[in-house]
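Just below is one structure, and these are the notes that go with it.
The values are calculated or read from the model by the stated rules, or taken from the named source; none is laboratory data. As the structure is a computational prediction, the values presented were derived from the model and not from experiment. Methodologically, a virtual Cβ is constructed for each residue, glycine included, from the backbone with ideal geometry; neighbour enumeration extends over all protein chains shown.
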Amino acid sequence: MANKPKLAVYWAASCGGCEIALANLNEKLLEVLEHFDFVFCPCLLDTKYKDVEAMADGEIFITLFNGAIRNEENEHMAKILRKKSKILIAYGSCAYEGCIPGLGNMYHGDEILKAVFIDSPTTENPNKLLPMTKTETKDGVLTLPAFYEKVKTLSMVTEVDYYIPGCPPEPHKIWEVISFVVEKLSTGQSLPPKGAILGAGSSTVCIECDRKKENKKIKTFKRIYEIIPNSEICLLEQGIICMGIATRDGCGALCPKVNMPCTGCYGPPEDVLDQGAKMIAALGSVLDIGDTKGLSEEEINRRINEILNTIPDLVGTFYKYSLPGSILQGKIKGR
Ligand code: SF4
Ligand code: SF4
């Protein structure tokens, strides 16, 4: 195809899994190349930032931006790519919701740097040096991007057209989005409204999960290594926290299929603002604290807390992928 539309893929604060998911398109990648010219993709091409900065505004047709915004460089590239792209897609959970890097929002930025560069047993740093944004050397000034106090999602720093959820998004869903866009382009149809979620459904993972759902009454929560769950019954009914009821469908219930709970990587379902809050609310109705008739409020709370205390890491459980984009946005101690 002559004059193919341009495609960019960028990584900010991420693990690289979204690139692997793209590589897992396998031979379908050749079809992507039939329709698009890859013009920027740091893990594949040696295109420099200055090459992107020199492009005309809107010259890139689609940018798949993965990774959260953890530092000044991430934000700079988000803004440049916004300007240079007709369509900017938050691709994957980090760009969409902050994901695992976002759990850093439980701490101050300087606490994180200290933990990594000074207190870590695997870092040799006898002079206890911390990264500096500017360092004078005999050959000139060396610079590093400033590390932000908080992780932000892509939409917190620039306007986003669409979102593809998942940690990482499933390759067949990425392909679905690419073919959808190609079809719309080739038939002259308009694309979905701004802000739409692509490559996923609007309901929950439970819809895609074929385990038997009978009676959700939970006396105690168990961690996955404490039992071998029955492979036919809903994991939540067996006391394992499965985020399926508060997670958007689209992955095909991959984790419950292999006897592992959903940890929520596809983000909240349609019309749910806060995935963790949704899950907590859902659990509130299934805790089995026995007959409460005649019990004092204190005793009821004690029983509820006894069950809730069996959940080891509340934020890591309910906000594993969504903390920066949630209502809480991370609790920084002392604020
Ligand atoms: S809570 Fe988990 S195991 Fe239960 S039906 Fe939903 S996805 Fe399946
Ligand atoms: S089951 Fe949940 S955690 Fe597993 S891939 Fe699907 S959305 Fe992600």
Subset of segment 253-265, residues assigned to a loop (DSSP other than H, G, I, E, B) and either within 11 Å of ligand 1 (Cβ to nearest atom) or over 18 Å from Gly199 (Cβ atoms) (or both), comes to Ala253, Val258, Asn259, Met260, Pro261, Cys262, Thr263, Gly264
Could you give every pair whose Cβ atoms fall below 6 Å, whose first residue belongs to segment 230-256 and is assigned by TED's automatic domain parsing to the domain that holds Gln275, and whose second residue is small (Gly, Ala, Ser) and modelled with pLDDT under 95, counting only separations of at least 6 or pairs across chains?
-> Ile245/Ala282
Look through segment 266-281, keep the residues that are farther than 26 Å from Lys219 by Cα and either surrounded by fewer than 22 Cβ atoms within 10 Å (Cβ to Cβ) or not assigned by TED's automatic domain parsing to the domain that holds Asp313 (or both), and return whichever of them is nearest to ligand 1 (Cβ to nearest atom).
-> Val272
Select the helices (runs of 4 or more DSSP H) contained entirely in segment 40-123, then report the ones holding at least 1 residues which are touching a Pro at 6+ places or on another chain (Cβ under 6 Å) and closer than 27 Å to Pro193 by Cα.
-> 93-97
Given Lys212, Lys184, which one is more than 14 Å from Leu254 (Cβ to Cβ) and either touching a strand residue (DSSP E or B) at 6+ places or on another chain (Cβ under 6 Å) or touching a residue at least 12 places away in the same chain (Cβ under 8 Å) (or both)?
-> Lys212
Working only within segment 145-177, note down all residues that are at pLDDT 95 or above, buried (at least 21 other Cβ atoms within 10 Å of the Cβ) and hydrophobic (A, V, I, L, M, F, W, C).
-> Val151, Leu154, Val160, Ile164, Cys167
Across segment 246-265, what is the number of residues that are over 25 Å from Pro101 (Cβ atoms) and either surrounded by 20 or more Cβ atoms within 10 Å (Cβ to Cβ) or hydroxyl-bearing (Ser, Thr, Tyr) (or both)?
-> 2
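Mind checking which residues of segment 227-238 are closer than 14 Å to Lys212 by Cα and not in a helix (DSSP H, G or I)?
Hits for segment 227-238 are Pro229, Asn230, Ser231, Glu232, Ile233, Cys234, Leu235.
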